[in-house]
Amino acid sequence: ALEALEGLVRLSVPVNEIRSLLLHVPGVTPEDLEWVNLWLSSQEDVHARNYASAGTKFALLRQEFPDNIYIMTNIANCEWKRGCLPQAKLVFEECQKLDS
């Protein structure tokens, strides 16, 4: 589901429109919307090159979804873009362990 949302973001669908669309999806709970909003906010930060803020938001998402390689990869990318190569390497290594 996160990959689909990212696809919409990459297609330049405004985040506010994505949020509005999600309000009309059957079965989406307020808690689901809370996590999606956090993820969308992290994407806005990435596009604004605010990698520290995006990384913090991805870390919060990881607390809820600890084995989600997609979220972990985003954390690693934010660390790498911030110049924190040792931390990025550790997260990438964790991804490899989960993927094997």
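Would you tally the residues in segment 64-100 being polar (S, T, N, Q) and closer than 18 Å to Q43 by Cβ?
Residues that pass the stated criteria total 4.
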Exercise for the section: Consider C95 carefully, then state whether it is farther than 19 Å from E34 by Cα, touching a Ser or Thr at 6+ places or on another chain (Cβ under 9 Å), open to solvent by less than 40 Å² (accessible area, probe 1.4 Å) and modelled with pLDDT under 90. Expected result: yes
Fill in the blank from the handout: Subset of segment 43-80, residues among the charged types (D, E, K, R) and in a helix (DSSP H, G or I), comes to E44, D45, K57, R62, E64, E79
Practice task
Among the numbered conditions (1) open to solvent by 40 Å² or more (accessible area, probe 1.4 Å); (2) in a helix (DSSP H, G or I), tell me where V25 comes up short.
Solution key: (2)
Completion exercise
Of the residues in segment 16-35, those that are in contact (Cβ under 8 Å) with a residue 12 or more places away in the chain and among the β-branched types (V, I, T) number 1
Practice task
All but one of (1) outside any loop (DSSP other than H, G, I, E, B); (2) over 20 Å from L8 (Cα atoms) hold for G83, so report the exception by its number.
Solution key: (1)
Problem - Hey, A76 open to solvent by 30 Å² or more (accessible area, probe 1.4 Å) and within 15 Å of the chain's Cα centre (by Cα) or not - result: no
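The values are calculated or read from the model by the stated rules, or taken from the named source; none is laboratory data. All values derive from a computational prediction rather than experimental measurement. A quick note on method: Cβ atoms are made from the backbone with ideal geometry, for glycine too, and the neighbour counts reach across all protein chains shown. Note: areas computed on protein heavy atoms with side chains; ligands, DNA, RNA excluded. Shrake-Rupley method; radii C 1.70, N 1.55, O 1.52, S 1.80 Å.
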